[in-house]
1. Being in a helix (DSSP H, G or I), more than 26 Å from A:ILE120 (Cβ to Cβ) and more than 8 Å from chain B (Cβ to nearest Cβ) is the filter here; which residues of segment A:46-78 pass it?
2. Could you please find all residues in segment B:201-227 being within 16 Å of B:PHE160 (Cβ to Cβ), at pLDDT 85 or above and in a helix (DSSP H, G or I)?
3. Where residues in segment A:184-211 are more than 11 Å from chain B (Cβ to nearest Cβ) and over 20 Å from A:LEU170 (Cα atoms), which of them is surrounded by the fewest Cβ atoms within 10 Å (Cβ to Cβ)?
4. How many residues, within segment B:49-82, are under 14 Å from B:PRO194 (Cα atoms) and not β-branched (Val, Ile, Thr)?
5. State yes or no: is B:PHE9 of a type in the set (Phe, Trp, Tyr), loosely packed, with under 15 Cβ neighbours inside 10 Å and within 10 Å of another protein chain (Cβ to nearest Cβ)?
6. Can you tell me which residue among B:VAL62, B:VAL51 is of a type in the set (Val, Ile, Thr) and part of a loop (DSSP other than H, G, I, E, B)?
7. Anything in segment B:52-61 that is facing chain A (nearest Cβ under 7 Å) and buried (at least 18 other Cβ atoms within 10 Å of the Cβ)? List them, or say none.
8. With respect to B:SER30, is the statement that it is assigned to a helix (DSSP H, G or I), of a type in the set (S, T, N, Q) and closer than 23 Å to B:ALA190 by Cα true?
Amino acid sequence: MSNKLMRKYLAFFKNQFSATIYYRGSILVWIFSNLVFLTVIVSVWLSASSTQSLGGYSVSELIGYYLVGFFLHWVVNWLPFYSTADEIKSGEIVASTLTKPFSFYWRKFSEEAGWHAFAIILGLTMTLILAVVFQHQQLIAFEFSWNMLFWALIAVVLAIFSVFGFSLCLGLLAFWFTEVWTVDTLFWAGRNFLGGWYLPISFFPGVFQTIIKILPFRYLFSFPLEIFFNKLSLKEIILGIIISLFWILFFILLYRVMWERGRKAYTSFGQ
Amino acid sequence: MFRYLKLYFHFFRNCLIRELEFRFNVFILSIVHIFWLGVMLGSVTLIFGQVDSIAGWTKQEVLILAVVGMLFHDIMEMFFMGNLERFSYYIRHGEFDFILLKPVNPRFMTSFRYTEFQNIFRIIIMVFVLASLLRGAGLQPSIYEWAGFFAFFLAGLVVFYNIFFMVITTNFWLINLFNFNDIFDRLLSAGRYPVGIFKGRLESFFAYVIPLGLIATFAVEIFLGRAALVSFGIAAFMVVVTSLASELFWRFALKHYQSASS
């Protein structure tokens with residue numbers, strides 16, 4: 001990528017970063033709403049009565065899972081779906097990209113980076129405060145190892161690219177269907193239920209777990225957490241990384257096909 | 001009063017006609033919503049694959065609670081949420097001016113103009129699921145128990161409408177907070193679990209500040225024969241307090257409205 005092009009993407013990053021700081025109130029609302037989820041799910045597990053381990057997790061590990069997940073939610077959710085679908089639906093994409101000399105993919109990526117640069121700082125601050133509170137009340141426990149952190153970070157980076165690619169492709173459906181919000185709802189159902197947001201995937205019966213390990217949803221959220229909490233062997237980690245890379249590549253190729261065909265099929269109005 | 005009922009009937013009919021224009025969209029959305037119902041019931045089943053009870057509630061009881069909680073959520077969405085969601089847009093784009101100009105109470109227009117029908121099929125299905133769960137648990141509520149159930153359910157709708165209305169009223173000052181709906185959604189989802197899961201300060205917070213018990217717990221406790229007298233007290237108290245507070249706050253906020261120069 002040439003320096004000139006890099007400067008353009010940097011401008012998108014800066015614009016989005018400034019906009020995020022200006023509209024910081026909405027980020028606080030999102031933090032609060034996730035905090036409500038965390039409070040409820042932690043309370044559920046603390047009040048649960050069980051004679052067995054919970055899907056291979058102890059209660060304190062499970063609370064740690066949701067706490068780290070609370071932060072991970074801010075890190076990996078690069079979701080260009082909303083802005084992409086809106087731009088296509090309103091016809092804004094003609095002026096913003098189709099007549100401009102840069103890649104739509106990297107423009108969206110730069111904008112998401114701008115949003116996340118600020119959101120991650122807020123999310124991290126909030127998570128650290130919660131970690132201190134939980135630690136003080138002896139609610140969380142996990143064994144930390146640099147080795148697992150290293151693999152977990154790789155899985156996080158892969159999750160970012162997977163979520164981004166998946167979400168972008170869903171947004172591009174607007175080229176053909178205009179109104180695509182329903183698809184987004186299905187994405188969240190898949191991600192929350194099969195991706196480990198509601199419950200770790202070890203809660204599922206064996207056959208379902210095998211299917212989940214092939215589908216992309218696990219690699220959007222749960223996979224880094226499973227590594228971080230020492231639930232996977234090295235062999236399982238490497239296999240997971242390979243499947244994750246497959247999905248990233250799949251979404252990149254799908255994006256290219258959809259972008260090329262979508263532009264030709266697209267009719268906008270009022271621009 | 002009759003004038004407003006007539007007006008509401010016309011709004012309702014207008015929304016229904018609008019939805020029927022996009023039948024395919026309603027059909028797809030209905031399927032998605034039914035899928036979500038499956039996700040929610042599946043989550044409860046998975047949790048009970050690992051635990052015996054939650055705050056003393058068995059699997060069957062939590063499933064009943066979850067369905068009632070989801071019914072509450074859908075009815076809130078059908079009658080109120082779509083309206084409350086639009087409020088931030090009205091303020092940001094100066095469209096609230098046009099509401100103020102109409103010869104109708106602006107709160108009525110803000111709260112009841114739109115009815116969303118996309119959850120209607122899920123609501124119908126959930127009524128059958130609830131009936132089946134009650135039968136499966138060997139519960140046959142008497143007419144008095146049903147009356148108590150609906151009293152709590154209605155009280156919950158009034159209280160949560162008032163609370164959410166107070167929250168969106170802050171848009172007069174905050175303007176750009178377009179995603180309040182996320183918080184509403186999380187709070188209503190929280191009501192699908194027994195309020196007994198909260199301990200200490202959280203228990204007081206979710207009893208008297210945001211009374212989550214009014215979403216489903218208190219109503220379902222009637223069926224289970226566990227309703228406490230204090231629950232009726234909390235419900236009546238919250239209905240009165242939130243109704244007064246939301247109206248007073250609304251009037252105060254209206255005086256501070258600065259148009260976005262439409």
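The values are calculated or read from the model by the stated rules, or taken from the named source; none is laboratory data. For clarity, every value in this text was computed on a predicted model and none was experimentally measured. FYI the Cβ positions are ideal-geometry reconstructions off the backbone, even for glycines, and counts take in every protein chain you see.
1. Residues of segment A:46-78 that are in a helix (DSSP H, G or I), as a first pass: A:46-47, A:59-76.
Those still in the list that are more than 26 Å from A:ILE120 (Cβ to Cβ) too: A:46-47, A:59.
If the condition is that a residue be in a helix (DSSP H, G or I), more than 26 Å from A:ILE120 (Cβ to Cβ) and more than 8 Å from chain B (Cβ to nearest Cβ), then A:VAL59 is the only one that fits.
2. Result: B:PHE205, B:PHE206, B:VAL209, B:LEU212, B:GLY213, B:LEU214, B:THR217, B:PHE218, B:ALA219.
3. A:GLY206
4. 12
5. Details: of a type in the set (Phe, Trp, Tyr): yes; loosely packed, with under 15 Cβ neighbours inside 10 Å: yes; within 10 Å of another protein chain (Cβ to nearest Cβ): no.
So B:PHE9 fails the test.
6. Working: B:VAL62 fails: part of a loop (DSSP other than H, G, I, E, B).
Being of a type in the set (Val, Ile, Thr) and part of a loop (DSSP other than H, G, I, E, B) holds for just one of B:VAL62, B:VAL51, which is B:VAL51.
7. B:ILE54, B:ALA55
8. Working: assigned to a helix (DSSP H, G or I): yes; of a type in the set (S, T, N, Q): yes; closer than 23 Å to B:ALA190 by Cα: yes.
Yes: the conditions hold for B:SER30.
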